[in-house]
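The values are calculated or read from the model by the stated rules, or taken from the named source; none is laboratory data. Just so it is clear, the structure is predicted and the values come from calculations on it, not from any experiment. Note that each Cβ is placed from the backbone with ideal geometry, even for glycine, and that neighbours are counted across all protein chains shown.
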Amino acid sequence: MTGGRLSDGVVTLAEMREFASFPAATQRYIRRSLDIGLQRSDATEVWSRDLVEEASIRAQARIYGRLDEIKMLVPDDSGLDQVEPFMTPLVVVSAFDLGQNRINSFQAYRFLYERLIGAGSRPWLPGAFCAAASLPHLHPERRRALLQSISEAAATAAGWSSREPTFYPEWVEKVDMSKAN
């Protein structure tokens, strides 16, 4: 095995561990969001358990319709002229996700958005998260918990990796162990 493959495997394993550290509801929401945002499958068919969830998936699909625009607008530097057209829709989409009460930390938010938008978005995610987490549509206690979840290191990082994520969690059918043998 070459050094590159070994490091790719180590990175993938670290990403899997990070995903496994999230609560089950967060894991489910991230997988559902990736299906919607990356158009991997019919999210309503895979994820909808009732009419309320079906409506939530339709609303998320409408909001996520801006993701292609956001991906094209990721600034390549910190020039302020590129910030508004990128950050405004990113904060709106982020506010939707945080309002669903399934993403409960910056870590889970970053995990999802690195996959939805790409590695180039990393420098912008702390600001978008803080802006979305500060909006009045969230209960004050939820705003506090979200804002306290971002570490000082994440908020003040001097640089960010440009390596794209390697692990994209997906729906996995349950295996009936009585029929597995």
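Among the candidates 152, 164, the residue that is of a type in the set (D, E, K, R), in contact with a helix residue (DSSP H, G or I) (Cβ under 6 Å, 6 or more places away or on another chain) and exposed (fewer than 14 other Cβ atoms within 10 Å of the Cβ) is uniquely 164. Only one of the listed residues (17, 32) is modelled with pLDDT of 90 or more, farther than 23 Å from residue 123 by Cα and out of contact with any Leu (no Cβ under 8 Å at 6 or more places or on another chain). That residue is 32.
Residue 109 passes every criterion in (1) of a type in the set (Ser, Thr, Tyr); (2) within 13 Å of the chain's Cα centre (by Cα); (3) surrounded by fewer than 21 Cβ atoms within 10 Å (Cβ to Cβ) apart from (3). Restricting attention to the stretch 14-67 and to residues that are within 26 Å of residue 166 (Cβ to Cβ) and of a type in the set (Ser, Thr, Tyr), the residue that is surrounded by the fewest Cβ atoms within 10 Å (Cβ to Cβ) turns out to be 21.
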